[in-house]
Structures are given as C-alpha cells and as structure tokens.
Amino acid sequence: MSSLPIPDADALAHSQQLYQLLAREIGDNGGWLPFSRFMEQLLYAPGLGYYAAGARKFGAAGDFVTAPEMSGLFGQALARQVAEGMAASAPVVLEAGGGSGRLAADLLLALEALDALPEQYCLLELSADLRQRQQATLAREVPHLAARAVWLDALPERFAGVVVANELLDAMPVDIVAWRGEGIFSRGVALAENGCFTWSERPASGALLAAASEIGEQCQLPPGYESEIGLASRAWAAEWGHRLERGLLLLIDYGFPRHEFYHAQRGRGTLMCHYRHLAHPDPFYLPGLQDVTAHVDFTAIAAAADAAGLDVMGYASQGRFLLDCGILDCLAAIPPDSTDYLRAAGAVNKLLLPHEMGELFKVIALGRGLNEPLRGFAAGDQRRRL
C-alpha cells in the first residue's frame with residue numbers, strides 16, 4: 001500500500017486503538033472472527049469505527065464523493081419521486097444514513113419548490129459526529145426548514161411515508177464465502193504470528209450456509225469462487241415489511257442483479273476500500289481510517305422484501321431513473337451561459353453516463369399500498385432482470 005497517502009500521527013494512533021480492540025475480540029472468540037463482524041467493527045465500533053469517529057469522509061476533503069455532493073440536481077430530480085410517494089401515503093420522509101446532510105438539504109428545498117414539503121424529515125443516523133454535521137448543514141443551507149428535521153436512533157415501530165437511502169446498503173457488513181471443492185467456507189479474520197490480520201476459513205453454517213448453497217446452485221459457481229453475501233442488508237430490507245404501513249422505500253446503491261453479481265469473471269468478489277479518493281482491496285489496512293464496502297445483490301434485496309410482504313415496485317439504473325424523474329429539466333432551468341450550468345452539466349454527465357455512475361448505480365423501489373407505475377420507473381423499469 002505504498003501508493004496510498006500516509007496518515008498523520010494522531011490518525012495512526014486512532015487506527016492502532018481499533019486494531020487492539022479487534023485483536024482482543026479475535027482472541028476472545030477462539031482466534032477467529034467472521035468477516036461480517038470484523039467489517040462491522042471497522043465501520044461502527046463506538047468512537048473508533050470509520051463511521052463512528054470524527055474523520056471527514058464525504059466530498060473533496062474526504063475519501064469519496066457521493067451523488068448529492070456532486071450536484072443539487074440529484075436531490076431535485078429525486079424529490080419528484082419522493083413527492084409522488086408522499087402524496088400516495090403520508091407527508092413524512094425518513095432518510096437512512098444521511099451522510100453530510102447534503103441530500104436532506106437539497107430534498108427539502110426541492111420539495112418546497114414543488115409545494116410538497118413533508119411535515120417531518122426524519123434522519124436515522126447512528127453516528128454522533130455525522131448527526132452534528134447534518135444539523136450544521138441544515139442550519140446553514142435551509143435554516144427556515146431545519147425545524148422539520150427530526151433525528152432517530154432506531155427504525156420507527158410503524159411508518160407511513162417515503163424512506164430514502166443513498167449508499168447505505170453497501171456499508172452494511174457482509175460475510176465473505178468461498179465455494180471450495182470440499183464444501184462452502186466462511187472467510188474470516190485471524191491473527192498471524194507477527195500480529196497482523198490474516199484470512200482464515202471455517203465451514204459455513206446456519207443462514208450463511210443456506211444462502212451460499214442457494215447462490216451456488218443458481219449461479220453454478222466453480223470451485224474456488226469467492227464473494228460476499230449481505231445477510232445484514234437483506235434483514236434490513238425485510239424489517240420494513242413489519243414496519244411500513246403505507247409508503248415507499250427508494251434504495252440507491254451500486255450493485256447488480258444476482259446473475260451479474262456472481263458472474264464467473266468476478267471470482268474474487270466486489271469488496272473495496274476507499275481512502276483519500278483511492279480505491280484498493282485490502283480491508284486490513286488502516287483499520288478505522290478507510291471505508292470498506294461491497295456491492296449490493298439487488299435480487300437478494302428484492303426477495304427479502306417480497307418475502308416480508310412488500311411490493312417490489314421498480315428497479316432501474318440510476319441514469320434511467322434520474323432521466324425519468326426529469327433531471328434534464330432541472331438542468332435546463334439553470335442559465336445556459338453561466339458557470340453554474342457548466343458545473344452542473346458536468347455533474348449530470350457523471351450521474352447519468354453508463355461508464356460513470358449511471359449504470360453501476362441502481363435504484364430499487366419497495367412499497368406497500370401504492371399504485372404503479374412510479375414516475376422514476378416509467379420508461380426504464382428492469383424488474384425482469386432481478
């Protein structure tokens with residue numbers, strides 16, 4: 001990892017604290033942790049995990065840039081689908097994993113312009129640091145609307161309205177599975193003699209074995225194939241089947257339908273780490289200082305939601321979804337001879353073009369009690385691919 005920037009002494013000391021916590025947990029659990037638990041601690045260990053600590057993550061000064069950070073037009077287009085969903089259910093929005101608060105601010109402004117403001121804009125945020133940043137963003141960008149924002153510590157028992165989650169599922173812990181000739185194994189983490197983290201495998205069991213067996217049979221995976229299984233993201237989607245009374249979930253993330261996720265040419269999975277806008281595959285590097293993500297198996301999300309009683313109401317590429325939501329109309333409202341237009345046009349290209357974010361990112365709509373078709377899937381619905 002010599003090509004990656006070197007963190008300062010304080011950051012290294014922070015990372016060492018998380019290493020020590022993980023090393024103790026590995027020792028307390030017989031010398032082995034499933035990767036899902038290891039990833040959970042990397043990202044969410046209180047005060048130490050990547051999303052639980054105070055390092056800047058979003059935008060040019062962070063480790064990656066999300067769609068809302070690129071352009072307010074993302075939120076303006078998304079607002080049209082959110083407004084439609086609220087009109088058919090209840091005037092409440094819940095954003096799960098609100099990042100810097102940029103999307104919340106953009107959605108509130110856009111919904112105000114559409115005369116479709118929610119009575120409440122709930123933000124489900126477990127990170128105290130990110131919650132503070134979201135509060136600061138709303139106070140700065142939309143002070144007249146900030147009072148509508150309410151922060152939640154957990155999913156509501158019952159909910160009606162629209163749920164939005166942009167790049168949330170990819171940050172949920174995943175298990176890593178190896179389909180070997182002699183069976184199916186869970187890839188976990190142990191400590192090598194020199195104290196460094198190292199991969200170690202144990203036979204898969206329980207729900208993980210059942211999921212891996214189903215995937216292996218459906219996709220005819222060859223021996224030696226390794227990839228991720230997101231049991232946590234499946235459970236999160238299914239949980240809304242018990243809580244959503246009427247409304248819509250809009251989940252936006254990078255991923256594939258199952259037959260593409262577990263493709264023969266993707267034999268080492270999709271796990272990726274992000275540090276200072278550089279991507280690499282080593283999750284053991286700088287624990288707590290880098291993001292660790294995996295792509296989403298949208299077939300699994302759809303199946304879990306369906307089994308929990310939700311309707312799968314749409315599935316499309318981000319590019320097609322934003323076009324159907326009128327992002328080009330939003331762009332056309334900016335004076336074409338201005339620098340703002342040039343900047344916005346460049347961002348829209350990144351959001352729409354297939355070789356940028358337009359095809360890799362997908363939007364899936366899950367709901368209850370709503371009519372089809374939804375605006376964002378009018379022309380580009382690809383549920384048949386799931």
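Listed values, structure above:
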| read-out | value |
| --- | --- |
| One residue from LEU138, LEU103 being assigned by TED's automatic domain parsing to the domain that holds VAL82, under 18 Å from the mean Cα position of the chain (by Cα), crowded, with 23+ Cβ neighbours inside 10 Å and closer than 26 Å to TYR44 by Cβ | LEU103 |
| Counted residues, region 85-99 - those being in a helix (DSSP H, G or I) and within 23 Å of the chain's Cα centre (by Cα) | 2 |
| One residue from SER186, SER233 being outside any helix (DSSP H, G or I), touching a residue at least 60 places away in the same chain (Cβ under 8 Å) and not aliphatic (A, V, I, L, M) | SER186 |
| Hits in region 357-381 (condition: surrounded by 15 or more Cβ atoms within 10 Å (Cβ to Cβ) and either modelled with pLDDT under 95 or over 18 Å from the mean Cα position of the chain (by Cα) (or both)) | GLY367, ARG368, LEU370, LEU374, ARG375, GLY376, PHE377, ALA378, GLY380, ASP381 |
| The lone exception for LEU250 - which of (1) under 30 Å from GLN20 (Cα atoms); (2) assigned to a strand (DSSP E or B); (3) under 25 Å from the mean Cα position of the chain (by Cα) it fails | (1) |
| Contacts under 6 angstrom Cβ, first residue in region 324-348 being aromatic (Phe, Trp, Tyr), partner modelled with pLDDT of 95 or more and surrounded by 13 or more Cβ atoms within 10 Å (Cβ to Cβ), 6 or more apart | TYR341/ILE334 |
| Every residue from region 5-25 that is surrounded by fewer than 17 Cβ atoms within 10 Å (Cβ to Cβ) and not in a helix (DSSP H, G or I) | PRO5, ILE6, ASP8 |
| Flag for ARG133 being modelled with pLDDT of 95 or more and either buried (at least 21 other Cβ atoms within 10 Å of the Cβ) or among the basic types (Lys, Arg) (or both) | no |
| Filter result (farther than 19 Å from LEU208 by Cβ and either modelled with pLDDT of 95 or more or not in a strand (DSSP E or B) (or both)) within region 274-290 | ARG276, HIS277, PRO281, ASP282, PHE284, TYR285, LEU286, PRO287, GLY288, LEU289, GLN290 |
| Residue satisfying all of: in region 108-128; out of contact with any Pro (no Cβ under 9 Å at 6 or more places or on another chain) and not in a loop (DSSP other than H, G, I, E, B); farthest from GLY47 (Cα to Cα) among these | ALA113 |
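The values are calculated or read from the model by the stated rules, or taken from the named source; none is laboratory data. Here the structure is a predicted model, which is why all the values come from computation and not from measurement. Every residue, glycine as well, gets a Cβ built from its backbone with ideal geometry; the counts of neighbours run over all protein chains shown.
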